[in-house]
Amino acid sequence: MVEDMELRGFSCRTQDSYVRSMTGLAKYYDRSPDLITPEELRRYFVYLTCERELARPTVTIALYCETCRLSSADLCLWASYQ
């Protein structure tokens with residue numbers, strides 16, 4: 001995932017935000033993001049928006065990260081952030 005972001009020219013700060021976002025999703029469900037269903041993803045965004053009351057740009061980063069999953073192998077890097 002990180003290499004793909006580098007190839008796309010994302011800044012280090014953007015990469016960090018995206019990895020942090022994926023880590024948050026993985027920790028919320030206590031499993032790898034590639035195992036999370038679309039309904040669980042929707043509930044996570046409801047949680048971010050309604051319960052945590054995060055700003056729209058923060059939620060948009062999380063949404064972008066999830067929709068740009070490139071491969072399950074790349075997403076396993078979340079484990080190193082636990």
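Only one of 18, 28, 47 is aromatic (Phe, Trp, Tyr) and in contact (Cβ under 8 Å) with a residue 40 or more places away in the chain; which? Please lay out each step first, then the result.
Working: 28 fails: in contact (Cβ under 8 Å) with a residue 40 or more places away in the chain; 47 fails: in contact (Cβ under 8 Å) with a residue 40 or more places away in the chain.
Of the residues listed, the single one that is aromatic (Phe, Trp, Tyr) and in contact (Cβ under 8 Å) with a residue 40 or more places away in the chain is 18.
If only residues of the stretch 43-55 that are in a helix (DSSP H, G or I) and touching a Leu at 6+ places or on another chain (Cβ under 8 Å) are counted, the one that is modelled with the lowest pLDDT is 45.
Of a type outside the set (D, E, K, R) and at pLDDT 85 or above: does that describe residue 7? Criteria not met by residue 7. Filtered by the rule that a residue be over 14 Å from the mean Cα position of the chain (by Cα) and either assigned to a helix (DSSP H, G or I) or surrounded by fewer than 13 Cβ atoms within 10 Å (Cβ to Cβ) (or both), the stretch 1-42 gives 3, 4, 6, 7, 8, 9, 11, 12, 13, 39.
Among 23, 58, which is the only one that is modelled with pLDDT under 80 and of a type in the set (S, T, N, Q)? Walk me through it before giving the result.
Values: 23 fails: modelled with pLDDT under 80.
Among 23, 58, only 58 is modelled with pLDDT under 80 and of a type in the set (S, T, N, Q).
The values are calculated or read from the model by the stated rules, or taken from the named source; none is laboratory data. This structure is a prediction, so every number in the text was calculated from the model and none was measured. Using ideal geometry, Cβ is built from the backbone for each residue, glycine included, and neighbour counts are taken over all protein chains shown.
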